[in-house]
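The values are calculated or read from the model by the stated rules, or taken from the named source; none is laboratory data. What you see is a predicted model; the values in this text were computed from it and never measured. Neighbour counts are summed over all protein chains in view; Cβ atoms, including those assigned to glycine, are modelled from backbone coordinates with ideal geometry. The accessibility values were calculated without ligands, DNA or RNA, using every heavy atom of the protein model including side chains. Shrake-Rupley method; radii C 1.70, N 1.55, O 1.52, S 1.80 Å.
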Amino acid sequence: MYSRITGTGSYLPPRRITNHELAAQLAQSGIETSHEWIVERTGIEARHFADAGVTSSDLGLEAARRALDAAGLRPQDVDLIIVATSTPDMVFPSTAAILQQKLGVAGCPVFDVQAVCTGFIYALSVADAMIRAGNARCALVVGAEVFSHILDFKDRTTCVLFGDGAGAAVLQASEEPGILATDIHADGRHVGILCVPGHVSGGEVLGDPLLRMDGQAVFKLAVSVLEETTQTVLAKAGKTGADVDWLVPHQANIRIMISAARKLKLPMEKVIVTVAEHGNTSAASIGLALDHGVRSGQIKKGQTLLLEGVGGGFTWGSVLLKY
């Protein structure tokens, strides 16, 4: 028994913020940046921010509905829901439980996965394993984030990078191979290079509730571990970079994506790139890029896709699949 993606969906909140608009907003606080500065270092030109009160489950609901429609299924057909998010609606219950309620279904197991930007990879890996083990037949995997809620708009090195959004995929049991191999890792020694070091205690926020990042350390580690995991997942499936039709990477930084493609000997024409319009949407990033590739007609049935991501923790991983 295998698992196969039968539908994808995505959703971006309507409010699009360009680099020019963000630079003007920051200038009011005496912080200098520019469209050119952001594009040169990241490749980002715009991002979407959710309005106040809009949650990860709200964005995830729209992406989930679109993925289910694409698969020709109803919410009642789902017997497993996994939500990857670093910006949950509540401390508890899980955002997956809230999404289940909004979908109007009950009974199936639901839970969140917290691997930051690698979350969608982790969630796909878990869903695939549960389907292969016979514990589910139709899994809804959602990556959803409202990172604008945890950004420090006085720190130009981080607030220009991130955006909000959601991506989703439906995995169904299949006798034909879909997901060919997965590979996930973490190294807790690097928790400090990308984190939100605050928490809630006694009704108050303790520590720093905003995102902090050592950009140079993240970049250096990301380039290294992405090469490692992509080579590993290809070897697990008995494939090489030449077998890959599309690389669907986490959309954090265009320079990291160019490096990853180069090491796989893939031209950028074979890389799904959405970072210019989406920014870094963390756990939603790969799902958004995957759905963009499908709906734009770039990704076609029968093609081999390599998904990869890195995130705080430090986490990283990849999925090789036949679409």
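Structure summary
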| item | result |
| --- | --- |
| The range 32-50 residues that are crowded, with 18+ Cβ neighbours inside 10 Å, paired with ones that are of a type in the set (Asp, Glu) and not in a helix (DSSP H, G or I) (beta carbon under 8 Å, 6 or more apart) | Ile38/Glu45; Arg47/Asp164; His48/Asp164; Phe49/Asp164; Ala50/Asp164 |
| Subset of the range 169-195 [within 25 Å of His149 (Cβ to Cβ), in contact with a strand residue (DSSP E or B) (Cβ under 8 Å, 6 or more places away or on another chain) and open to solvent by 60 Å² or more (accessible area, probe 1.4 Å)] | Ala186 |
| Qualifying residue in the range 64-82 (condition: closer than 15 Å to Ala168 by Cβ, free of Cβ contacts under 8 Å to residues at least 24 places away in the same chain and either in a strand (DSSP E or B) or basic (Lys, Arg) (or both)) | yes |
| Residue in the range 115-122 that is of a type outside the set (Ser, Thr, Tyr), open to solvent by 10 Å² or more (accessible area, probe 1.4 Å) and over 20 Å from Gly178 (Cα atoms) present | yes |
| Residue in the range 148-157 that is open to solvent by 20 Å² or more (accessible area, probe 1.4 Å), farther than 19 Å from Asp291 by Cβ, touching a Lys or Arg at 6+ places or on another chain (Cβ under 9 Å) and not hydroxyl-bearing (Ser, Thr, Tyr) present | yes |
| Qualifying residue in the range 272-292 (condition: hydroxyl-bearing (Ser, Thr, Tyr) and over 16 Å from the mean Cα position of the chain (by Cα)) | no |
| Among residues of the range 219-247, those that are assigned to a helix (DSSP H, G or I), open to solvent by less than 20 Å² (accessible area, probe 1.4 Å) and touching a strand residue (DSSP E or B) at 6+ places or on another chain (Cβ under 7 Å), counted | 7 |
| Set Ala71, Ala64, Ala97: member being open to solvent by less than 50 Å² (accessible area, probe 1.4 Å) and within 17 Å of the chain's Cα centre (by Cα) | Ala64 |
| Residue that is nearest to Asp128 (Cα to Cα) [pool: residues in the range 173-216 that are free of Cβ contacts under 8 Å to residues at least 60 places away in the same chain and of a type in the set (Asp, Glu)] | Asp214 |
| Members of the range 228-253 that are out of contact with any helix residue (DSSP H, G or I) (no Cβ under 6 Å at 6 or more places or on another chain) and closer than 21 Å to Glu40 by Cα | Ala252 |
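Residues checked against (1) open to solvent by 10 Å² or more (accessible area, probe 1.4 Å); (2) at pLDDT below 95; (3) not in a helix (DSSP H, G or I); (4) not β-branched (Val, Ile, Thr):
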site: Arg255; (1), (2), (3), (4): yes, no, no, yes
site: Ser259; (1), (2), (3), (4): yes, no, no, yes
site: Ala276; (1), (2), (3), (4): yes, no, no, yes
site: Ala283; (1), (2), (3), (4): no, no, no, yes
site: His292; (1), (2), (3), (4): yes, no, no, yes
site: Val310; (1), (2), (3), (4): yes, no, yes, no
site: Leu320; (1), (2), (3), (4): no, no, yes, yes
